[in-house]
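Please read the structure below before turning to the comments.
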Amino acid sequence: MNFEQWRHGARAWLIHFIGKGDLAYEEYAIAFRHAPSASAASNLGFIAAKREHFPDAVRWFEQASVMAPEDAEIWFNLGFVRERNGQRAEAITAFREAVRLNPSQDRAWYGLGLTLAQLGQHGDAALAFEEAARLQPMNGEAWYHLGMAQHLAHNPERARQVIEHLRSFEPKRSNQLIRETGRSDLTHLIQELPF
């Protein structure tokens, strides 16, 4: 064990725990210099992302993904910061690796769907949202985006099914989806809400 790496890593954790992100970042960077690790790189990536320094966050999570290539959580985080950094094609690659490593990671399926939708790949986005909604059946956002992706992918019957399902537990989002898709054939499903 590298004592200096351990000392700075422990100090960084404690400083981060009490909410001093800038100081924690410096300590994690020192710990990383003493003994590079995926954990230190991930912590540096988290702090950079929280500060909205997305190029730095991408660099640190890319470093972590090289050091721990089988860690689905690192790949998810890399996808998230790449998307926030405007690197959508690269974000898709990271999200796909995350779901390959951990197919039950609903957040990665959701992130993949959002990023694909931003690039206009609505059919592929719908497939990703289908999986996110299957894994989190009460996630209204996943169902909403699934309905929109199905609509934009020209699958009106599946979009109708999604709207009907969403209506059963999130009528406000269902109403919004009906209006935003312009589905006049489904206006009878709009519910009057007291709020």
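The values are calculated or read from the model by the stated rules, or taken from the named source; none is laboratory data. Fair warning: this is a prediction, and the values are worked out from it, not measured in the lab. All Cβ positions, glycine included, derive from the backbone under ideal geometry; neighbour counts span all protein chains shown. Please note that ligands, DNA and RNA were not included when accessible areas were found on the heavy atoms of the full protein model with its side chains. Shrake-Rupley method; radii C 1.70, N 1.55, O 1.52, S 1.80 Å.
A few comments on the model shown:
- Residue in region 50-62 that is at pLDDT below 95 and either under 21 Å from ALA108 (Cβ atoms) or part of a helix (DSSP H, G or I) (or both) present: yes
- Tally, over region 37-84, of residues that are of a type outside the set (A, V, I, L, M) and under 13 Å from the mean Cα position of the chain (by Cα): 9
- For ALA159, the requirement of being of a type in the set (A, V, I, L, M, F, W, C), in a helix (DSSP H, G or I) and under 30 Å from ALA68 (Cα atoms) is not met.
- Here the condition is being more than 25 Å from ARG82 (Cα to Cα), among the basic types (Lys, Arg) and surrounded by fewer than 18 Cβ atoms within 10 Å (Cβ to Cβ); of ARG134, ARG100, it holds for ARG134 alone.
- Scanning region 177-195 for residues that are open to solvent by less than 60 Å² (accessible area, probe 1.4 Å), under 27 Å from LEU119 (Cα atoms), of a type outside the set (Ser, Thr, Tyr) and not in a loop (DSSP other than H, G, I, E, B) gives LEU177, ILE178.
- Residue identified as polar (S, T, N, Q) and either farther than 30 Å from ALA98 by Cβ or touching a residue at least 40 places away in the same chain (Cβ under 8 Å) (or both) among GLN136, GLN191: GLN191
- Among the residues of region 72-97, those that are surrounded by fewer than 20 Cβ atoms within 10 Å (Cβ to Cβ) and of a type outside the set (Gly, Ala, Ser) comprise GLU73, ARG84, ASN85, GLN87, ARG88, GLU90, THR93, ARG96.
- Selected residue (criterion: farthest from PHE80 (Cα to Cα)) from residues of region 22-38 that are touching a Phe, Trp or Tyr at 6+ places or on another chain (Cβ under 9 Å) and surrounded by fewer than 20 Cβ atoms within 10 Å (Cβ to Cβ): HIS34
- Test result for GLY123, buried (at least 22 other Cβ atoms within 10 Å of the Cβ) and in a helix (DSSP H, G or I): no
- Test: residue in region 109-119 that is buried (at least 21 other Cβ atoms within 10 Å of the Cβ) and either among the aromatic types (Phe, Trp, Tyr) or closer than 17 Å to TYR28 by Cα (or both): yes
- Candidate set from region 1-36 (those that are modelled with pLDDT under 75 and basic (Lys, Arg)); member that is nearest to the chain's Cα centre (by Cα): LYS20
- Residue check for ILE74: modelled with pLDDT under 95 and of a type in the set (Val, Ile, Thr): no
- Looking across region 39-86 at every residue that is in contact with a Phe, Trp or Tyr (Cβ under 9 Å, 6 or more places away or on another chain) and among the aromatic types (Phe, Trp, Tyr), the one that is nearest to LEU114 (Cα to Cα) is identified as PHE80.
- Residues in region 71-120 that are of a type in the set (Gly, Ala, Ser), over 17 Å from VAL58 (Cβ atoms) and part of a helix (DSSP H, G or I): 3 in all.
- Pairing each residue of region 73-100 that is within 18 Å of ASN43 (Cβ to Cβ) and among the acidic types (Asp, Glu) with any residue that is open to solvent by 50 Å² or more (accessible area, probe 1.4 Å) and not in a helix (DSSP H, G or I), provided the two are 6+ apart or on different chains, yields C-beta distances under 9 Å for GLU73/ASN102.
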